[in-house]
Each structure stands twice: as C-alpha cells, then as structure tokens.
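Let me begin by presenting the structure, written as structure tokens, before commenting on it.
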Amino acid sequence: MTTETGRAAGLDLGWRVREDGLRVGYLTDDSGHRYELLLPFVFGNSNARRRERYERERGFTPWDTTDWRALAELQAAEDALIEDCKARLALVEEADRVGWPEATRRRFTILQKVRSAGLRRAFRELSEAGVTGDTVQILTEWQGKADVMRKRIRVAQLKSADKRRDSYRKLADWLSRNFDQLVWEGDFNLKGLAEAPGGDYARKNSRRYRFVASLHTLRLYIEQSFAKRGRALVNCGAAYSSRVCPQCGCRIEPSPGLLVECENGHRGDQDALTSRLLLSTLGVQAGGAETPAAIPRDLERCVRVVERNSW
Ligand SMILES: [Zn+2]
C-alpha cells in the first residue's frame, strides 16, 4: 500500500519551445509550488552536452542524434530538398513532357502541391513508361539524396524516442510518487502553440515539435503510473471556459503567447494559470507541505521548480 503524500496538484499538459528544451507540462501543487516539466533538447551526460555546446557556439551544426533540434534540422533539410527539386522541375521545358503518362501530367498540374510521395510516384510512372529526359534526371538526383536523408532521420528518430521514453517514465513515476491527487484535462487535444526566445524559428518548427513532444506518450505513462500506485487521476472538463484573472476575477482572452494579461493589466504565465485553475476544481485546502516536492538527481533537467510570479 502506498503511503499518502498529502499533496495534490493541477497539471497542464501542452508543449512550448523554451531555451533548453520543450516545456511539456506545468504543475501547481496545493502549497502553491510550481514546477515546469521539460523534455531537454540535448540528452546524454554532461560531456556530451559540453561538446554539443562547443560545436554550436563555433557555428557547426551538431549532427548529434541525441539532440531534438538536430532532428528538426534534418527534417527541415528534407523539406528543402523537395522545394529545390520542384524549383528545378518548374524550369523544365514543355517539350520534355512528350510521352508522359496521363497520371503524371495530372500529378504535376499544380507543382506547388506535390509532396515527397507525389515525386516518388511520378518517378516510378515515368520510369515504367520508359520516359527519359530532364524531368527524370532531376527526379533521379532528388530521390538519391532524399533516400539518404530519410535514413538519417529514421535513425535520429529512433534514438531520440528512446531517450524520450526514459525521461517520460521517470517523470510519470515522480508525479505518482509525490502527489495523491492529480487533476488534468480529461478531454485532451494538443494546443500546438509555441513561443520561444527565437520567435519565428519556433513557429516555423511548430509542426515538428509537436511530434517531438509526443504528449500522448507522457499521458499514457502518467495514467499507468497512477494506476500502479493507486493514486487519483482526476479528469477535468472545460478548464478553459472559465479563464479568469486570479487577482481581480476579470476575463482573460486566449492567446498563443507564454504570457497573458487581464483587462486590468495583471500578467502571468498562462500555463501557470491553467494548472492553477485545474487545481482549484479539486476544492482542496491550500497549505499542505511547506517545501516543494523533492526532485531526484536524474530528473533535475526534466523538472524545474518555478519562482512565483504575478499569479
Ligand atoms: Zn486581473
């Protein structure tokens, strides 16, 4: 039987790009302590991290497969190959299309819309029809490079997913060990909003980082861990429908940014606000433990105690 901790917390799951990793969750406990849950960009021991920093500072792109940003860069490079291929295809003369199958003609009607799979099919169709020429040449070159890139991405994905699983298991275990009750959004859909010091970069990469965050994995591990210890995981409905300022009670408009502001100018981290609102639905009395939950050494980079800000 698991000993009660006397602690309850509200957990807001959602990802944001931060300086050293992805914020994947924000936790407020019933003593008012706040914790940021992170998936660090760089995995590995301190030596590996030092080397990574050294390379980055000198302008090298560290192709270290244990860095999530390197994976995002590989995927961006893969997209750039497709764009480059299409730009070259757009310059090919109409005369090159002699003898093309009808399917390929249709496929290339709007070149902008063609993706990787479309290029591959076109290459196959033209090859099978015995067509040669500039288009086939361009597609051959693209496919060679794309295949190499695909393999590198696959290897990087597998290695990184392994590290992520490890971090998420530890995070889930820490949560169920330290909190008797955890309230979160029962109907979970990815918010997919990001803000980083590098603004634009974060938005351009938002789609990629959604896969990096893989929040359904974290959710699953938390569910399993709470079931194992017999702790209470409470599903909360519409936490967002009642987004009011904790200081003055006026309405707070939704915004994709990290900080939100009420009509009277009270500002704060919106994930902190959401986790606080979630916690309030439990109706627990504040004032349990005085100190924040202890963070074990191997989780130091994944859980950060946050100083109290305006709310
Ligand atoms: Zn206010």
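The values are calculated or read from the model by the stated rules, or taken from the named source; none is laboratory data. These numbers come from a predicted model, not from an experiment. Here Cβ is always computed from backbone atoms with ideal geometry, including for glycine, and neighbour counts include all displayed protein chains.
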Check: Looking at Asp162, is it charged (D, E, K, R) and at pLDDT below 90?
Finding: yes
Checklist line | Per-region count, region 19-50, residues of a type in the set (Gly, Ala, Ser), within 13 Å of the chain's Cα centre (by Cα) and more than 22 Å from Thr281 (Cβ to Cβ) | finding: 1
Check: For region 257-268, how many residues are under 20 Å from Val306 (Cβ atoms) and either more than 13 Å from the ligand (Cβ to nearest atom) or surrounded by fewer than 16 Cβ atoms within 10 Å (Cβ to Cβ) (or both)?
Finding: 4
Margin query: Among the residues in region 227-248, are any surrounded by fewer than 17 Cβ atoms within 10 Å (Cβ to Cβ), modelled with pLDDT of 85 or more and within 16 Å of the ligand (Cβ to nearest atom)?
Written below: yes
Next item on the list: Show the residue pairs that are 6+ apart or on different chains and have beta-carbon atoms under 6 Å apart, the first residue being within region 239-256 and in a helix (DSSP H, G or I), the second being of a type outside the set (Gly, Ala, Ser) and at pLDDT below 75.
Entry: none
Check: Looking at Gly144, Gly186, which one is farther than 20 Å from Glu300 by Cβ, modelled with pLDDT under 85 and small (Gly, Ala, Ser)?
Finding: Gly186
Next item on the list: State whether the residues of region 116-133 include one that is under 30 Å from Leu233 (Cβ atoms) and either among the β-branched types (Val, Ile, Thr) or at pLDDT below 85 (or both).
Entry: no
Check: Quick one: is Leu220 under 24 Å from the mean Cα position of the chain (by Cα) and either at pLDDT below 85 or surrounded by 15 or more Cβ atoms within 10 Å (Cβ to Cβ) (or both)?
Finding: no
Notebook entry, point to check: Among all residue pairs at least 6 apart or on different chains, which show Cβ distances below 6 Å where the first residue, located in region 111-134, is over 20 Å from Glu93 (Cβ atoms) and the second is among the basic types (Lys, Arg) and buried (at least 16 other Cβ atoms within 10 Å of the Cβ)?
Noted result: Gly118/Arg107
Item checked: Where a residue in region 175-197 is closer than 24 Å to Glu19 by Cα and its partner, wherever it lies, is at pLDDT 55 or above and among the β-branched types (Val, Ile, Thr), with Cβ under 8 Å and at least six apart -> Leu175/Ile222; Ala194/Val17; Glu195/Val17; Ala196/Val17
